[in-house]
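Taking it in order: structure first as structure tokens, then the write-up.
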Amino acid sequence: MRAFLTNTIGGTLRPLANPRMSVGVGILLALVLLGLVGPMFVDVRLSEPISVRTNQPPSWAHPLGTDSGGRELIAVMIAGTPQTLKMGILAGFIGVLIGTFLGLISGYFGGWTDRIISAVTDTMLTIPPLAILLVVAAAVRAVNVESMALIIASLSWMYAARVVRAQTLSLREQSYVQMARLSGMGHMRILLAEIFPNMVPIAFASLVGATSGAILSGMGLEVLGLGPQNVPTLGMTIYWALLYAAFSRGMWWWWTPPVLILVLLFLALFLISSALDDFANPRLRSSR
Amino acid sequence: MIDAPLLSINDLSVSYAIGNERARAVDGLSLTLGAGQRLGIVGESGSGKSTLALALMRLHKPPAMIDSGQILLGGTDILRLDQGALRKFRWSEVALIPQGAMNALNPVIKVREQMADTIRAHRRDMSARDINKRIDELLVRVGLSTSVAGLYPHELSGGMKQRVCIALAIVLEPKLIIADEPTSALDVVVQRVVIETLKDVQAQIGAAMIMIGHDMGLMAQSVDHLAVMYAGRLVDQAPIREFFRRPLHPYSQLLISSLPSPDETRPLAGIPGMQPSLLDLPAGCAFHPRCPLVQPICREVMPPLETVEPHRRVACHVVAEAYNVRA
Amino acid sequence: MSWSYVLRRIAMFFAVVLCAVTVNFIVPRLAPGDPTAAVLEQLLSRGQQVEGAADIVAAYRARFGLDDPMIVQYLRYVGNTLTLDLGTSISYFPQSVTSQILTALPWTIGLLAISTVIAFGLGSVVGALLAWPGSPHFVRSFAPFLMVLSAIPYYLLALIVLYVLAIWPGWFPLGGAYSGSAPSFSLNGLLDLLYHGFLPGLSIVLAGVGFWALGMRGAMIGVLGEDYLTLAEGKGLSPRRIFFGYAMRNALLPQVTSLAIALGTAASGSVLVEVAFNYPGIGYLLFNALKSSDYFLIQGVAFFLVLTVALSVLVLDLIYPLLDPRIRRQ
Ligand SMILES: Nc1ncnc2c1ncn2[C@@H]1O[C@H](COP(=O)(O)OP(=O)(O)OP(=O)(O)O)[C@@H](O)[C@H]1O
Ligand SMILES: [Mg+2]
């Protein structure tokens, strides 16, 4: 428990001193606030289609203008940003959970278990995620944010599995784990009580990467028109803009906000994960 | 030691920047070495031996920095060479067998090419055929078959790698070879054979040698003079036979007495106490907390390195007192 | 190179391909409703526009062979896919999915391969220079810029590039791969291809170069601490020889390993870049297939995407031992 606490606290607080970390967290908080505070000032129901006049450039009435489907874009951004975050974090969390589990098992037990899990992990890493997601999403069609998160999570566990496995391998040889083993502690208890607590910072660090990857996959599906149809999302906004030729029609207000928010989001997650990598991660790019 | 020394180091200091502090890993070190001579340098881990070796070729990297001093080799002031001259000077005048020679070879290039590029860098006019002939000859000279040239480092055993490093060191017939613990990664039997090889080729090309190590037994067999380093300073220097017969510095005495008998090897481990941190050296003589002969003056005044007999220098108040070198 | 290494890599290739085929087989069967229902519904909604709707339905029925046991269906499906019989496209009926894809694939491969090679090479050199103590000072000022680039996904960069270099100043075409109705094989035709391919290519290069530079910088810092680098310097080699022959040569090994892993992401990204630029590769084909719910074509594109990446990874894996002698005799 002590190890758990020091690791968790150490793993989350120390990096805040890093400028990359503070900028990243700052941007992320700003985006979360946009979703939390925005609805107090803006009527998010205007993000539904056919609720305002179409194709209006930004004005006092509609600060970010309106699109060809009759949605008010500021409302779409305020309603859509939390959806994107929610999907990404949910998918990332499930993915890291799966990955941590597989990595622990694989690193701790070694042998054939390890060989099979590692081979599957390495194989999955080389598959273009979009190819699989596409087939699934196109078959399921009417997806919502939660089911999309589930689909994406099934392809976001590999990095977590690799780092956790590498770390477990080295922990397994540590004297206190050996002691626990010699003292007749069961495998499950050793894994949960001795090894798992040390994985928390690493799992947390890979959660950021997995979330970013999930948002990337989600955006990929959305801009192909395979995103949720019933709620506004950033990626779907870009899809509609592209479909209605917003670019060549000069409707910059339509596609710039979602692009900008997504860029900021990816930047924030990258900054955070690179700051975390700096000390939590043993070499992620270890050789095969 | 000899009238016109090949190498003379004057008051050399090298330090590492650690945070805002500087750790003096080599502190005011002076010594000379004649052509063809073999000097051994011993000292506990962290006493600054490797730092000295690298600084002699200006191979030290940040955070290491040469603070002051002068290094003359065959009349060349090494610390004043510009980059181009330094490049020409390296290997053609001084060659290095680095500590941990196990990783000293580039893993992705064959042995022949790693030797050839060295020759090409210095002897532009040498033909490819001559280069290959030279490489084959050198490999044979260190006791390897010429087929080793076609292998990659990972295909060699530890002893073979070490021999390749020796062959590499003499490829340009330098005037000085610096061997930093050349055998520490090898097992005892191989150690002796490799040291013999090193001594042979060194004698053949007439180079001087600085051999760094922990192993007093091995030193006894391979060097003419021995220097002892403690916490960055040279504390004792003597011809090898004198050193073993009658060690002067209390630290040297402990080194010798901790050996079961002069013929047996044993690492420097049997001395009570710990070497102090370079960032927190005790006042006076750095050795005084561990010294059995400690006097009040040792706690306050740093003893200078003084010549007590011909070819013998010691930094110790007690010894200086006994020899009455201080009027 | 040992046979077991080669065989293992080839087995891995087939595992990936089989995995893709299996997903293609299972997913529509798990999805709610009869697999033919969606197709029928779609054809009905198009009404008389589609000639030979009956043929299509018949083709679908036969293809799914729904009365056979599952395992027979599966084996037949695997067999069909491996012989590149991927069914008939709805939107381009009666053309086969494979012929559609084979027309589009060269564009994708050309764009992706050229841009990825440039991004990898440029990124590796810049990354190596970032870590190299002897490189000029201005190189270091690239680092933050490269970090930002590596964080932004392909597709978003493509949109930004599209706007900043094509729409706004009008310097480049808004999309497509060539002027007119078909590419011509002349010098002008070639220049036209470059002109159209420049922005999609630039997007892929920009999106990749930061990633490769950061990776190389990390690998290079590791290599610079190795003993063989100290010795190389001690040998009096020229800085060029040390940089290329000793430092970069070794730091490239982990880069090539991660190239194999990053190819999937790069391929996914460039599919989306094609969409942004209406570039006539499989990404664009996919976009249209999705618009018209041409499910076989969607599956076909996904399969070819996996196949292309898996093949490239196989080639990389077989080349790798030539770069790293330590792998050869394992
Ligand atoms: N890169 C570095 N940064 C900071 N301090 C260093 C560095 N390298 C060495 N030192 C310090 O310099 C001192 C001398 O180190 P050096 O490697 O020269 O010792 P050594 O006598 O060769 O030891 P060994 O017998 O273990 O090889 C040590 O106290 C070490 O802690
Ligand atoms: Mg050393």
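Pairing chain C with chain A buries about 4200 Å² of accessible area. This figure sums both sides and uses a 1.4 Å probe.
Residues of segment B:90-130 that bury at least 50 Å² of accessible area once all protein chains are present, compared with their chain alone (1.4 Å probe, heavy atoms only, ligands and nucleic acids left out), are B:ASN103, B:ASN106, B:PRO107, B:VAL108, B:ASP117. Against the main long axis of the alpha-carbon atoms of chain C, helix C:3-30 sits at an angle near 40°.
Count the DSSP beta bridges whose two residues both fall in the protein assembly as shown, then state the antiparallel fraction as a percent rounded to the nearest 5.
Of those bridges, close to 65 percent are antiparallel.
Between B:ILE271 and A:PHE109, the distance separating the two model label sites (each 7 Å from Cα on the Cα→Cβ line) works out to 5.4 nm. Distance from the Cα centre of segment B:87-134 to that of segment C:186-248, in angstrom? If we compute the Cα centre of each part, the gap is 26 Å. When the accessible areas of C alone and B alone are added and the area of the pair subtracted, with a 1.4 Å probe, the result is around 2200 Å², both sides summed. Each principal axis of the Cα cloud of segment B:12-160 was taken in turn, and the coordinate range along them, longest first, works out to 49, 33, 30 Å.
Just tell me how shielded A:117-128 is by partners: mean number of partner chain Cβ atoms within 10 Å of each residue's Cβ, no decimals.
Values: counts 0, 0, 4, 2, 0, 3, 8, 3, 8, 17, 14, 16.
Mean shielding by partner chains, rounded to a whole number: 6.
In terms of the mean number of neighbouring beta-carbon atoms within 10 Å, the peptides C:76-83, A:255-262 order highest first as A:255-262, C:76-83.
Can you check what the Kirkwood hydrodynamic radius comes to for segment A:23-164, Cα pairs only, in Å to one decimal?
Taking every pair of different Cα atoms in segment A:23-164, averaging 1/r and inverting gives 17.9 Å.
With a 10 Å cut-off around each Cβ of C:152-159, the average count of Cβ atoms from other chains is 6. Size check on chain C: the Cα extents along the three principal axes, sorted descending, read 79, 55, 39 Å.
Across the alpha-carbon set of the protein assembly as shown, the Rg to Rh ratio works out to 1.07, Rh being the Kirkwood radius. Take segment C:110-292, compute every pairwise Cα distance, and split them into 10 Å bins from 0; I just need the percent in each bin. Cα pair-distance distribution for segment C:110-292, in percent: 9, 31, 29, 18, 9, 3, 0. Within segment C:232-253, the residues that become at least 20 Å² less accessible when every protein chain is included than when their own chain is isolated (1.4 Å probe; DNA, RNA and ligands ignored) are C:GLU233, C:GLY234, C:LYS235, C:GLY236, C:LEU237, C:PRO239, C:ARG241, C:TYR246, C:ARG249, C:ASN250. With Cα atoms as the point set, the radius of gyration and Dmax of segment B:123-171 evaluate to 11.0, 34 Å. Shielding value for A:60-70 is 0, the average number of Cβ atoms from other chains within 10 Å of each residue's Cβ. Once you have the Kirkwood Rh of segment C:245-284 from its Cα pairs, apply Stokes-Einstein at 37 °C and 0.692 mPa s and quote D in µm²/s. Calculated translational D: 280 µm²/s. Relative to the first principal axis of the alpha-carbon coordinates of chain C, what is the inclination of helix C:53-64, with its axis defined by its Cα atoms, in degrees from 0 to 90 and to the nearest 10? For C:53-64 against chain C, the angle is about 60 degrees.
Just the number, please: carbon plus sulfur as a percent of the accessible area of the protein assembly as shown, 1.4 Å probe, no ligands or DNA/RNA counted.
For the protein assembly as shown, the apolar C and S fraction of the accessible surface comes to 63 percent.
Considering all C-alpha pairs of chain B, those separated by over 31 Å amount to 33%.
Close lysine pairs were tallied over the protein assembly as shown: pairs 8 or more places apart or on different chains with Cα atoms under 18 Å apart number 11.
Ranking C:SER268, B:PRO98, C:PRO133 by how far each Cα lies toward the positive end of the dipole of the protein assembly as shown (charges on Cβ) leaves B:PRO98 at the top.
Near B:GLY36, once Lys and Arg are set to +1 and Asp and Glu to -1 for all other residues with Cβ below 10 Å from its Cβ, the sum equals +1. In whole angstrom, segment C:168-214 maps to an equivalent ellipsoid with semi-axes of 25, 13, 8, each derived as √(5λ) from the alpha carbon gyration tensor and ordered largest first. Measuring with a 1.4 angstrom probe and ignoring ligands and nucleic acids, B:GLU137 comes out at about 80 Å² accessible.
In order along segment A:116-127, the phi-based Karplus estimate (6.51 cos²θ - 1.76 cosθ + 1.60, θ = phi - 60°) of 3J(HN,Hα) comes to 5, 4, 5, 4, 4, 4, 4, 5, 4, 4, 8, 7 Hz; Gly and Pro are listed as x.
Sorted by accessible area with a 1.4 angstrom probe, largest first, how do B:CYS285, C:CYS19 fall? Walk me through the numbers before you get to the answer.
On the way: B:CYS285 20, C:CYS19 45 Å².
Ranked list, largest accessible area first: C:CYS19, B:CYS285.
Solvent exposure of the protein assembly as shown amounts to 43 Å² per residue of accessible area, where only protein heavy atoms count and the probe is 1.4 Å.
All alpha carbon pair distances within segment A:64-287 were sorted into 10 Å bins beginning at 0; the resulting P(r) in whole percents reads 8, 29, 28, 18, 10, 4, 1, 0. Here the contact order of segment A:64-287, divided by its residue count and restricted to Cα pairs under 8 Å and six or more residues apart, works out to 30 percent. Estimated at the nearest 10 Å², the accessible area of C:LEU105 is 20 Å² with a 1.4 Å probe.
The values are calculated or read from the model by the stated rules, or taken from the named source; none is laboratory data. Just so we're clear, the structure is a prediction, and the values are computed from it rather than from any experiment. Heads up, the Cβs are rebuilt from the backbone with ideal geometry, glycines too, and the neighbour counts pull from every protein chain shown. SASA here: full protein model, heavy atoms, side chains in, ligands and nucleic acids out. Shrake-Rupley method; radii C 1.70, N 1.55, O 1.52, S 1.80 Å.
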